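Some notes on the structure that comes next.
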Amino acid sequence: MNNIYEPEFVKKLFNQMSSSYERMNYITSFGFSIRWRKQFLNKLGKSQEKLNVIDLLSGLGENWTFLKHNFPNSNFYALDFSENMINHSTEKGKKVFQNKLNLICDNMLENKLESNSFDIISCAYGLKTFNEDQIKIIAKEVHRILKPNGKFSFVEVSKPKNKVLLYFYSFYLGKIIPILGKIFLGNPEDYKMLWIYTKQFQNSKKVKEIFEKHNLKVNLDEYFGGCATGINGKKL
């Protein structure tokens with residue numbers, strides 16, 4: 001198997017899944033992805049101020065309606081390196097932000113974002129596609145682009161600790177989802193990768209430890225018995 005964490009491998013995977021990824025996120029989480037999304041974004045609070053808000057690994061823009069609601073007067077940015085994800089999300093960006101979204105096609109690991117420029121960072125369901133060394137780079141970049149006291153929140157599908165829950169969840173993600181992926185795409189191999197990434201990722205505990213080493217204050221979050229975990233915090 002190719003190095004599944006190579007940026008070009010990941011980009012190709014998400015380019016191939018771009019047309020169906022939002023539906024599949026909903027299905028893979030038993031419909032909980034929207035609830036988890038709302039919960040992890042609410043950890044950022046709400047503000048009427050004119051802040052700079054960026055959605056990292058923005059995918060199809062599933063976070064945007066919630067972000068616009070919570071920060072209605074802010075400047076909005078979104079970054080993803082999948083050209084197809086960017087193309088599919090462009091119309092949503094125009095609708096949600098009335099053509100005032102700065103949509104950036106760039107690699108988070110080698111981005112050109114300005115230092116100390118953002119008040120808010122959000123990121124949903126993208127962490128699992130990075131290895132430990134890459135997450136160290138992400139932590140460094142989060143610290144670099146955040147303003148002092150700027151906030152961040154991440155969420156990721158995870159392996160639950162409960163054995164019964166893990167059994168059913170692993171069967172669902174590992175066996176059922178590829179079948180549904182074939183129905184949507186004709187290529188079940190792409191969606192098998194989601195469970196492979198999830199098994200490797202485990203949960204957000206290691207992410208918390210890495211972010212803390214980069215001068216960030218971090219809280220660990222758990223959703224639905226650990227089927228999703230995440231972190232939230234701020235730049236010290």
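Each reported figure results from applying straightforward, stated rules to the coordinates on display, with no laboratory input. Everything numeric here is computed off the predicted structure, so don't read it as measured data. No Cβ is skipped: glycine too gets one built from the backbone with ideal geometry, and neighbour counts run over all protein chains shown.
In this structure, residue 5 does not satisfy being touching a Gly at 6+ places or on another chain (Cβ under 7 Å), closer than 19 Å to residue 156 by Cα and hydroxyl-bearing (Ser, Thr, Tyr).
Checked against (1) in a helix (DSSP H, G or I); (2) crowded, with 16+ Cβ neighbours inside 10 Å; (3) charged (D, E, K, R), residue 159 meets all criteria but (1). When the stretch 32-59 is filtered for residues that are surrounded by 22 or more Cβ atoms within 10 Å (Cβ to Cβ) and either part of a strand (DSSP E or B) or without any contact (Cβ under 8 Å) to a residue 60 or more places away in the chain (or both), the ones remaining, listed by number, are 53, 54, 55, 56, 58. Residue-level check: of (1) crowded, with 19+ Cβ neighbours inside 10 Å; (2) touching a helix residue (DSSP H, G or I) at 6+ places or on another chain (Cβ under 9 Å), residue 146 misses just (2).
When the test is whether a residue is touching a strand residue (DSSP E or B) at 6+ places or on another chain (Cβ under 7 Å), under 25 Å from residue 231 (Cβ atoms) and of a type in the set (Asp, Glu), residue 133 does not pass it.
Residue 208 falls short of the stated requirement of being of a type in the set (D, E, K, R), surrounded by 14 or more Cβ atoms within 10 Å (Cβ to Cβ) and either in contact with a Pro (Cβ under 8 Å, 6 or more places away or on another chain) or part of a loop (DSSP other than H, G, I, E, B) (or both). Could you tell me which of the residues 89, 122, 153 is part of a helix (DSSP H, G or I), of a type in the set (S, T, N, Q) and buried (at least 22 other Cβ atoms within 10 Å of the Cβ)? Answer to the check: 89.
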